[in-house]
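Structure, as structure tokens:
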Amino acid sequence: MTTAIGMDKLDLDLDLDVQSLDSGDTAQVAAVSVPVAAQLDRVSILLAHEDPERGEATKAIFKDAGWSSHCHRVRSIEDLNDSLLQQPWDMIIA
């Protein structure tokens, strides 16, 4: 599933229940509820932002929502390719 989210109007609704999602709908965008997210030790996020400030804003959103996260910002296509090969990512935000 590929999903695009614009940062300009990003609103994380952490009260959304995962069971309410339609698994056949590939355009569905949802946030995982806090109890489910708490099962993960840390969410690994790959950030594909050219602007470092937008990457920092993304990190702050997850921190403010109470998510423990590891974020890595790629700076080039080569860096993106290397990062994708180095480890599995829970989320990729571009």
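The values are calculated or read from the model by the stated rules, or taken from the named source; none is laboratory data. Everything numeric here is computed off the predicted structure, so don't read it as measured data. A quick note on method: Cβ atoms are made from the backbone with ideal geometry, for glycine too, and the neighbour counts reach across all protein chains shown.
Could you please let me know if LEU40 is modelled with pLDDT of 50 or more, out of contact with any helix residue (DSSP H, G or I) (no Cβ under 7 Å at 6 or more places or on another chain), surrounded by 12 or more Cβ atoms within 10 Å (Cβ to Cβ) and aliphatic (A, V, I, L, M)? In short, yes.
Those residues that are of a type outside the set (S, T, N, Q), surrounded by fewer than 12 Cβ atoms within 10 Å (Cβ to Cβ) and part of a helix (DSSP H, G or I), I need them from the stretch 61-94; list them, please. Hits for the stretch 61-94 are ASP64, ILE77, GLU78, ASP82, LEU85. Scanning the stretch 60-85 for residues that are without any contact (Cβ under 8 Å) to a residue 24 or more places away in the chain and of a type in the set (A, V, I, L, M) yields ALA60, ILE77, LEU85.
For residues that are farther than 19 Å from ASP41 by Cα and of a type outside the set (A, V, I, L, M, F, W, C), scanning just the stretch 66-85, find the one that is nearest to the chain's Cα centre (by Cα).
Residue satisfying both the conditions and the ranking: ARG73.
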